[in-house]
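The next block holds one structure in the form of C-alpha cells; read it before the comments.
We did not get these values from a lab; they are worked out from the coordinates using the rules stated. The structure displayed is predicted, hence computed values, not measured ones. Cβ sites come from the backbone with ideal geometry, for glycine too, and all protein chains shown count toward neighbours.
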Amino acid sequence: MPKIIIDGREIECRAGIPVLQAALEAGLAVPHYCYHPGLSIVASCRLCLMEMKLPHPQTRELVWAPKLFPSCQTPVQDGMEVRFDSAAVRDNQKHVMEYYLLNHPLDCPVCDKAGECYLQDYTEAHGPGSSRMVEDKQKNPKKDIGPHTLLYQDRCVLCSRCVRFCDEIAGTGELAVVNRGSRGEIDVFPGRPLDNPLQGNVVDLCPVGALLDKDFLFKQRVWLLRSTKSVSPADSGGQTIWIDSNEQGIHRIRPRYNERVNEWWISDEARFGWKYVHRPDRLNRPQVREAGTMRPARWEELPTLLRSRFAEMTPGASLAEGALGPSPDTALKGRGIAAVLSPMMSCEEAWLLARFVRDVAPQATLVLGHVPVVGEDQTFPKGFTIKAEKCPNRRGVETILRHLGGHTADFRTFLGQAVERRFDAAYIVGGYPDVWVTPDVADALAKVEFLVVHDLFPSRLNERAAVQIPGATWAEREGTFMNCDGLLQPFERAIVPPEGVKSDGQFVYELAGRSGLFHARKVRDEMAAEMPQFAEVFVPRELPKHAH
Amino acid sequence: MTNQTIQRVEGALRNPLVLVGVGAVLTVPAALVLVLAFPLYRGLLSDPFWFPLLVMAAVLFLILNATAVCILAERKIAGFTQDRYGPNRVGFWGLLQPVADGLKFLLKEDIIPRRVDKPLFLLAPCLALIVSLVGFAVIPWAGEVHWPWMEAGTTVSTQVARLDIGILYVIAVGSLGVYGLVLAGYASNNKYSFYGGLRATAQMISYELPLGLALLCVLLTTGTLRLEEIVNQQAHSGVWYVFVHPLAFLLIVICLFAETNRAPFDLPEAEQELVGGYHTEYSAMKFALFFLAEYAHMITGSAVAIALFLGGWAPLPFTSWLADNTAWWAMLLKFGVYLLKVALFIGVMMWVRWTIPRFRFDQLMRLAWRSLVPLGLLLMAAVAVLTLFGGQRVWWAGLGVNVLVLLGVLWWAARSKQPMTGRQEDLPPVEFGAM
Amino acid sequence: MRDEDIIVLQEPKLSPAERLYLPQIFDGMVTTLRHMFSLKRRQQVVRQYPEDTRQGRGELRIANYRGVHRLNKDAEGRVACVACFMCSTACPAHCIHIEAGESPWPDREKYPVKFEIDELRCIYCGMCEEACPVDAIELTPHYELVGRTREEMIFDKEKLLQVFEETKHTKPRKDPPITDYGLTGGQGKDVASPNVERKV
Amino acid sequence: MAGLLTIILALGAVGLFLALPGGQARAVRAGQIGLAASGVGLLAATLGWLFPWPGANFFAGCALVALFAAVRVITHPRPVYSALYFVLLILAAAALLVQMQAEFLAAALVIVYAGAILVTYVFVIMLAQQARPLVHDIRSHEPLLGCLAGFLLLWSIAVRLFAAPVPPAVPAADLPAAGTVAAVGTSLLTTYVIAMQLAGLLLLAALVGAIAIARRRPLRDPLLEGEE
C-alpha cells in the first residue's frame, strides 16, 4: 500500500491508481470532468491539475514543480507529495471553469441536469461568479442521436466520457468527437444512431446536461427526487440501482455502483424496464369467486379464507393436529396442494409462503415458477454481462425449496401433473412484467379446482382463479434477491403500492399467521438461522458525490 | 330555499318598518284574545295557587327568551369593549341575531360521539338547565298584589314557593348545578371535557363556602331565610343590605362569577387550554341547552343577589316608596324594576367578562381558600358578635363592622410579606395541578 | 452562565390596596367602559367589510399585496412560465403542482402542460414570486377568494391565466424578456435552438 | 298479612342478591325480575295506604323512587351511576322530608349530601377512573350477609308498620312546625346544645386533622439548606 501526501495529509491508497482517484477516495472534492474510473484516461478537461513535488534538476532535492500535473493521469507512487489547495491549482480551476462557461448557455432553470450537474457544482465551488464574455455565445442545434438520447451540443464540455464509454464498455463506438478545437463536437455517424443495450449510461456519465434521456426529459427536477437503493429485477445478474421517485411515482432508474456485479453501469432493460409499475391495468383489489362470479374481497378475510380452504383440501386430519408429527395421515396430507413460487419474489416472501403452505399441508408440492429466458447471456468487452435469465431471484427460490425439501417440482413438471388433475388447490405467484400465462399454462391450471392467483396484471387465469390477489412490483416491496451467482442483495421499498394493493411481503406475513408489520430484515434473520446462505447480504459501498 | 329567497328575506328583515308591521300584526289578535278571555283569567289571577304559577310561566318565558337577548347583549358588549360593532347584520342593529343563532342551533347536526357514555351524555345538559331554572321558584318577583276585583285586604303573592327555608333552597339547588357540568365532562370521554368537569367540581365546591359565609352575614342581620321577608325589610326601611354589608356583597358577587362559570372564573370551559371544556363534544341543541343553562344560572344568581342586597323589587334606596302598595300597577312596576336590576347586574357581569382576564386554576383555588374563606369567616364572626349585641337594629353598625373587617384585612395584607393572591415563594410551584 | 450574568429583578412593591387587586380591577373596568361608549373610535377602527373595502379606502398596496396568484402572459399572449419548478421548489406549503412538457413555441424549450396551485394550501408568502426566474408567477391584490368545494380552490393554468387577465390593469406585468432566466441580465440568446437536427 | 309481607320481602332480598354486580348476566336478569315482582307486591300490599290523604300518593311515589334508587346504588356495576343513583336517592328523601314539613332537614340533606359529599365522590370516581372497572367495583362484598341483614331490618320495620293501624289523614297545616328553621334552631341551641357543641368540636378536630394531613411539606432543597 503506497502512501502519498496530499495537502500535507498522509494518505494510504491502493497501488496503481491515479492520484485523483486516491484523493477522491480520501474524501477530497477535486473537480474533474473527463476522468472516470471505469474508462480510459485522456486528461483532457484540465480541471484536476495539481502541484507535485519533484526532484530539483540540480539539487535533486524534492521541491514543488513549477508546472501543474493532471492528477488523473499521474499514478500514485509511494512517498509522493502533491497538493490541491495551492493558489496555482485554484487559479487553474477558476480559469478552466471560466473557459467552460464561455459558450455554455445559462439555462439551468430548464436544464434537466440542474441539481446534479458538475458544471453547476464546480462553478459554485471553484469558478468565477461572472462571465467576462461579451461576444455572442455559440449556438448549436439539439441533436437527436438515438432512440433514448438527446444531445444538447451547447451544453457539452467535450469531456469525451460518452465516446469512451461506447468504445470501451459497450464496444459499439457509435459516438465520436468530430471536428477540432473550438468547433469540436460530439456526434454520431449518419444512419448509425446511438443504440446499444447499454446506451442509457451515457446520460449518467455526462457531467453536464448535454446528453439527456428522452424518457426523463422535462419530467422532474432532480432535487425533487428521492433515491432508494434497489436491485434491478430485469435479469438474474442483480444489477444494483437507484430508484428515483417523487410523489409515489418512479421517474427514472440510475445505476448504483457495485464492485461485484455491474460496477457503474446498468443495462437498458434495467433502466427503462420499470414502466410496467405504473401500468393502469394493474390488479388493484383482491377478489374471491363466489357462485361462479368474482366479488371484491377485503384483505383481512383472505388469510383465514385461504388457510381454511387449503386445510379443507388436505385430506385426513384437521389443521389443529396438523403438525409435522408422524401421524398416519401425514403421508396423504396436502398431496393435492401446490404452491408456485415465482422467481420474481424476494427470498423472504418465497420463504414465508413456502412455510405457510407446508404448515397447512405438509405434503404439498412446492414449485419454482416460470423462469423467463431470452436468448443468451450477452457479455461486453470489459466484462459487463446482460443475463439471458430475465428474473431476479431464481436462485434464491431454488435455495429455499432445496432447504425445505419434500415434494418439489419445476414448472414444466408441475404443469404436466396439473393436467393430470393431481392438484386440488394451488397458490400461483406471478409478478412478471410481461405476459407469462401462455394458453398451455392457462389450460393446465384450469384443471386445478381451487386456484389462487397472486399476480400484477389480469391474465388468462382471470376466469379460472378462485381467489385473485393483486401483487406489488419490486419497487413497492422490500427484501432480498439472490443473483445467479448466489450473491444476496437487499432492496428497499421506493414507493407505496397502488391503492388497494398490499405488498406481497406483508400479505404472506399475515398469511403465515403473524401480526404486525413485515420487516424483511427480521424474516431474513429467521431464515438465516436455518439456512446459512441467507446470513450475509452484500451491500456495495456507496460512492461520494461526483466521485465515480 | 334558494339563495335569492334567503337574500330577499334577509333584506326584508333588515327593514325596521317590516319589523314593526309584523309586530303589530301579531299584537292585535293577542290583545283581542286577552280582552275576550278576561273573566276567565280573572279567577286565575286572584287564586293564590295559580297566580304564582302564572308568574312562573311568564318569568320562565321571559328568561328563556332573555337568554337569547343576553347572547346578543354579550356579543354587543364584547364588540363595544373591543371597539367593534358586534353583530349588526341580521335584522336592524343585529336585533334578529338571536333568531339566527337559535335557528342555527336547531338546524345543526346533533352529534353524539361514538364512545361517549350515552345516558349521561344526554342527561348532562338537561340537568344543567333544570337546575338553573328551578331556582326561580323562591324569587319574590313583585311582592304581593291586590287585584281590583279582589276582596279588600286580600292579596296574592307573585312568589311561587314561599318556603320557610328560602335562601337555603337556593343554595341546595345551586349546589346541584355542578352535576350537569361534571357529567358532561365525564360522559364525553374526552380528556379536555374531563378536565373541564374536574375543574367545575373543584371550583364550585370551593366557592360555595365563601358564598354561604357571606350569605350568613346577611341572614344574621335579617333574622329570616325567607327571601320575600328580606326584600320587604329592605323595601320598608329603604336600607338595602348592600349598604349594610358591602363586603359580603363583594364576596357574593365574586362567588357568583365562580358559581356561574363566568369570566374571570370560566376555567371549566377555558377555550385556550381545554378546547371547550366540558361542552367540547356537544353540538346543536344539546350545546344550546348548556348555553341556556349558563345564562339562566346568571339570571337566577343575580336575582338572588338582588333580593338579598339590592332591595329586590324596591325601586329606590332610602325610601319606602311602593313598599306597601299592592296595586296591580305597582306590581307591574316592581316587576319591571326587578327585571331592570337583573338586566343591569347581568350587564355588569358581561362588562367584567370582557375586562378581566381569566385566572389560573391555582390562583382561583388560592383565592377561594386563602382569601375568600378566611375573609368570610372573619366577617361572619364579626357580624355574629355584632348581632349578639343587637347590632342589627342600627343599619350603620353592620357597615361599620364591614369597614372594620376590610381595614383589618388591609392592615394584615400590608404587614404580610406575600400578596394575598399570586406567586408565593415558599410553596412548591404547582399546588392544585392543571385541572 | 456565570453568577454575575444573572440579573435579579426586584418585584415591584405593591401597596396594600394593590394587593387586593380590586383597585386595578376597577381601573380596568373604567377603561373598558370608556371604550364601550366611544362610538368615534369604533367608527375609525372598524370596517364594514363587504361595503367598505381596503381598496375602496385606498389602503391596499397594490404593488406588494399578496393575494391570489396569477400566471402572467407574455407579449404574445402565451403563458410566460417555462416550467422550471423553481416556485414549487421554493414553496413552503407544497401547494404548486407542475407538469412540464416540450414547448410548442420556438423560443423556449419547456412550458407547463399543467400548472395547479392549491389556494387552500397556499400561505401567500410570496416565495414563488421571488423564485420565478421569468416573473411568470405573481401574487395579485385580489383577496376575495371563495369557493364552494375544495376542488374549486385548486386553480389550474387556465384559471391562473384568467386571473392575469382580470388583474393586469390594476397590476401590470413588468414584462421582462422571457428567455433571461434571471441569470445573465437580459442576454436573450442563451437557449438552445429548438431546431432539432435529425440524425436518426 | 305478615306472612305475605315476609314472602314479598324475601323475594326482594333474593332478587337483590342475584342482581348484585358480579354475577352471571342471566342471574342478574332473574334478580331484577325478582326485585320488580317484590316492588309490585309491596305496592299492592300498601295499596290500602295509598289514598287516605292528599299528598300520600306523592309520598308513595317519592318513597318508591327512593327505594328504586337505593337498590340501583348497590346493584349498578358502574360506580359513577351508583353515585348518581345515590343523588337521586337523596333528592327523593329530601322530597319525603319536605312532605313531613321538615324543610330545613331537606335542604340540609341536599346541600350536604348531594351538593358536597356526592360531588366529591363523583370527583374521586372520575379521577380514579380506570380503563376498565376494578374488581372491587364490579363485585359486591359479602352479598349474602348484606342482603340478609337488609332483609331482616326491612322485614322487622315492615311487620311493625303493618301491624299498626292506618295513620289518620292529618292536614298539613295542623302538623306541629317541628321542621321549620326556627324550630330546628331553637331545639339545637337549647335541648341539644351540648351535643351540638360536641359535634362542632369533633368537626373542628377533623378539620385540623385534615389540614395537617393534607398540608404540603415545603420541598427540601439541599442547596438552599446549605446556605441556611
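Given only helices, namely DSSP H runs of n ≥ 4 each adding -39500 (n - 2.57), what is the per-residue ellipticity at 222 nm of chain B, to the nearest 500 deg cm²/dmol?
Taking each H run of at least 4 residues, the total per residue is -21500 deg cm²/dmol.
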**Asked** Separation between the B:VAL25 and D:THR190 pseudo-spin-labels, each 7 Å from Cα along Cα→Cβ, expressed in nm?
**Response** 6.9
**Request:** Quote the convex hull volume per residue of the stretch B:117-415, based on C-alpha atoms, as a whole number of Å³.
**Result:** 137
**Prompt:** Among the aspartates and glutamates, which fall within straight-line cross-link reach of C:LYS13, defined as a Cα-Cα distance under 19 Å, with same-chain neighbours fewer than 8 residues apart omitted?
**Reply:** B:GLU425, B:ASP426, C:ASP27
**Prompt:** What is the calculated FRET efficiency for C:THR149 to C:TYR49, with r their C-beta to C-beta distance and R₀ = 35 Å, to the nearest 0.05?
**Reply:** 0.90
**Prompt:** Suppose every K and R has +1 on its Cβ and every D and E has -1 on its Cβ; what is the size of the dipole of the stretch A:3-97 about the Cα centre, in Debye to the nearest 20?
**Reply:** 240
**Prompt:** Between B:LEU64 and B:THR5, what length comes free when the chain is fully extended (0.36 nm per residue of separation minus the Cα-Cα distance, one decimal in nm)?
**Reply:** 18.3 nm
**Item:** Amide H contacts of A:VAL373 (H built 1.01 Å from N, under 5 Å, at least 5 apart or other chain)
**Value:** A:LYS390
**Request:** Return the long-range amide H neighbours of C:HIS142 (sequence gap of 5 or more, or a different chain), with a cut-off of under 5 Å between placed amide H atoms.
**Result:** C:GLY67, C:VAL68
**Prompt:** Say the dipole of chain A comes from +1 at the beta carbon of Lys and Arg and -1 at that of Asp and Glu; which of A:VAL373, A:VAL288, A:ALA88 then lies farthest toward its positive end?
**Reply:** A:ALA88
**Asked** Based on the Cβ-Cβ distance from D:GLN32 to C:GLN10, what FRET efficiency comes out when R0 is 60 Å, to the nearest 0.05?
**Response** 0.30
**Complete:** Applied in sequence order to the stretch A:145-151, the curve 6.51 cos²θ - 1.76 cosθ + 1.60 (Karplus, θ = phi - 60°) yields integer Hz couplings, x standing for Gly and Pro, of 9, x, x, 10, 10, 10, 10
**Asked** Sorted by packing (mean other beta-carbon atoms within 10 Å per residue), highest first, where do C:39-45, A:285-291 land?
**Response** A:285-291, C:39-45
**Request:** Any lysines with Cα under 21 Å of the C:LYS114 Cα? List them, leaving off those in the same chain fewer than 8 positions away.
**Result:** A:LYS214, A:LYS219, C:LYS73, C:LYS157, C:LYS159
**Prompt:** Extension gain A:HIS519-A:ARG421, at 0.36 nm per residue separation less the Cα-Cα distance, in nm?
**Reply:** 31.6 nm
**Request:** In debye, nearest 20, what is the charge dipole magnitude of the stretch A:390-492 about its Cα centre with +1 on Lys and Arg Cβ and -1 on Asp and Glu Cβ, if you could check?
**Result:** 220
**Complete:** With a Förster distance of 41 angstrom and the Cβ-Cβ distance between B:GLU273 and A:ARG279, calculated FRET efficiency to the nearest 0.05 equals 0.20
**Prompt:** What nm distance separates the two modelled labels at A:ARG90 and B:VAL33, each placed 7 Å from Cα along Cα→Cβ?
**Reply:** 9.8
**Item:** Computed label-point distance, nm, for sites A:ALA291 and A:ILE17 using a 7 Å Cα→Cβ extension
**Value:** 7.1
**Message:** Place a point 7 Å from Cα of D:LEU154 in the direction of its Cβ. Which residues in the stretch D:22-41 have their backbone N less than 14 Å from it?
**Reply:** D:31-41
**Highest-fluctuation residue, B:LEU163, B:LEU407, B:LEU367 considered, GNM on chain B with Cα pairs under 10 Å** = B:LEU407
**Item:** Mean separation of Cα contacts under 8 Å (6+ apart) over length of the stretch B:180-239, as relative contact order %
**Value:** 20
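When the dipole is taken about the Cα centre of chain B, and only Lys, Arg (+1) and Asp, Glu (-1) are charged at their Cβ, what size is it in debye, to the nearest 20?
700
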**Asked** What is the ratio of the Cα radius of gyration of chain A to 2.2 N^0.38 Å, where N is its residue count, to two decimals?
**Response** 1.18
**Request:** Would you mind telling me the antiparallel percentage of the DSSP bridges in the protein assembly as shown, rounded to 5?
**Result:** 70
**Item:** GNM top mover of B:VAL18, B:VAL182, B:VAL145 - chain B, alpha-carbon springs below 10 Å
**Value:** B:VAL18
**Message:** Going Cα to Cα from A:LYS447, which lysines come in below 29 Å? Please leave out same-chain ones fewer than 8 positions away.
**Reply:** A:LYS333, A:LYS390, A:LYS502
**Request:** May I ask for the distance between the Cα centers of the stretch A:48-98 and the stretch A:506-521, given as a whole number of Å?
**Result:** 59
